[in-house]
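Engineer: Here you go, one structure.
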Amino acid sequence: MELQKKQLQQLSDWLSVTEERIQKMEIQPLAEKLETLQKQMEEHKVLQNDLETEQVKVNSLTHMVVIVDEKSGESATAILEDQLQVCVCCNVLY
């Protein structure tokens, strides 16, 4: 269960960083110079690739088997499921 928690935390951190990236891109006006516009397009392509790569990880997390040990009860499993649901919903928005 600790591995799943770690993976969810990593995903949550990645989503926070990616959200900041997107917000920075949103406030940049569309470039007028071709060279600058090409750079902006490349940044968007990199973001798209990052999103697609992370989607694979999210898909694997949604299909994971949660191993519950004796120390963690049903509430721990429920919390883990809630965290995963939030992460999946956030990722779908992008």
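The values are calculated or read from the model by the stated rules, or taken from the named source; none is laboratory data. Owing to the predicted nature of the structure, the values given are computational and were not obtained by experimental measurement. Glycine also receives a Cβ, built like all others from the backbone with ideal geometry; neighbour counts cover every protein chain displayed.
Engineer: So which pairs qualify, if the first residue must be in region 39-65 and surrounded by 11 or more Cβ atoms within 10 Å (Cβ to Cβ), the second must be modelled with pLDDT under 95 and not in a helix (DSSP H, G or I), the Cβ gap must be under 6 Å, and the two must be at least 6 apart or on different chains?
Structural biologist: These pairs meet every condition: Gln40/Ala31; Leu51/Tyr94.
Engineer: Right, next: Return the total of residues in region 10-38 being surrounded by 10 or more Cβ atoms within 10 Å (Cβ to Cβ) and more than 22 Å from the chain's Cα centre (by Cα).
Structural biologist: Counting residues in region 10-38 that are surrounded by 10 or more Cβ atoms within 10 Å (Cβ to Cβ) and more than 22 Å from the chain's Cα centre (by Cα) gives 5.
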